[in-house]
Amino acid sequence: MAIDNLKNALPEYAKDLKLNLSSLTRSKELSEQQLWGAMLAAAAATRNAQVLKEIREEAADHLSEEAMNAASMSASIMGMNNVAYRAQEFLPDEYATIRMGLRQNGMAKPGVDKVDFELWNIAVSVINGCGRCTAAHEHTVREEGLKEAQVWEAVKVAATLQGVAQALFIESAK
């Protein structure tokens with residue numbers, strides 16, 4: 001089991017991350033597709049090859065090929081959008097009214113339920129530190145009927161996988 005590979009790679013000081021990984025994989029808040037899509041999109045957003053490899057392997061047992069592609073699209077498109085929208089926050093006010101001008105056609109038809117894709121965008125945006133995108137996608141999923149607990153579960157996925165990636169990075173530098 002690929003999740004076990006990640007847990008086994010973590011040092012003792014990251015015991016809480018091991019426990020969080022275990023509890024997240026048994027989530028009752030999210031559907032199987034929501035959970036594993038969030039896991040895969042967040043794993044890609046960590047930019048850690050080991051985390052992405054193991055999560056992708058595990059996610060393949062839970063997601064269709066279309067959902068796997070949509071989760072990867074979420075990480076990729078939000079990687080672009082998060083940079084652009086954060087830049088608008090850093091630049092003078094007149095930049096806030098400029099049309100973004102970046103193609104993001106995949107967001108209109110991601111190949112999975114819109115609410116699932118939007119939830120995955122939250123996980124990626126949290127890791128990438130884009131408050132504007134996080135809030136916009138949270139608003140959309142709440143309008144589509146997801147509860148706060150479901151949104152928070154996606155945030156927990158993002159936080160845990162980012163922590164796992166950080167611990168593995170620390171260990172790789174020893």
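For the chain, with all protein chains in place and a probe radius of 1.4 Å, 51% of the accessible heavy-atom surface sits on carbon or sulfur. Rolling a 1.4 Å probe across the protein heavy atoms gives the range 26-110 an accessible surface of 57 Å² per residue.
Under a Gaussian network description of the chain, with springs only between Cα atoms under 10 Å, the residue in Asn20, Asn105, Asn48 that fluctuates furthest is Asn105.
Compute the angle between helix 49-59 and the longest alpha-carbon principal axis of the chain, please, reported from 0 to 90 degrees and rounded to the nearest 10. Roughly 90 degrees, rounded to the nearest 10. Against the set (1) 15.3, 49; (2) 15.0, 46; (3) 16.0, 51, the structure's computed Rg and Dmax of the Cα atoms in Å falls on (3). Mean-square fluctuations from a GNM of the chain, with a 10 angstrom spring cutoff on Cα atoms, peak among Asn82, Asn128, Asn69 at Asn69. Residues in the range 163-170 carry Karplus couplings, in order, of x, 4, 4, 5, 5, 5, 5, 4 Hz; the curve used is 6.51 cos²θ - 1.76 cosθ + 1.60 with θ = phi - 60°, and Gly or Pro positions show x.
The count of lysine pairs in the chain with alpha-carbon distances below 19 Å, taking only pairs 8 or more places apart or on different chains, stands at 14.
The angle between the Cα long axis of helix 65-90 and the main principal axis of the chain comes to about 60°, on a 0 to 90 degree scale. The spacing between the range 13-70 and the range 122-174, judged by their C-alpha centroids, is 12 Å.
The values are calculated or read from the model by the stated rules, or taken from the named source; none is laboratory data. What you see is a predicted model; the values in this text were computed from it and never measured. SASA here: full protein model, heavy atoms, side chains in, ligands and nucleic acids out. Shrake-Rupley method; radii C 1.70, N 1.55, O 1.52, S 1.80 Å.
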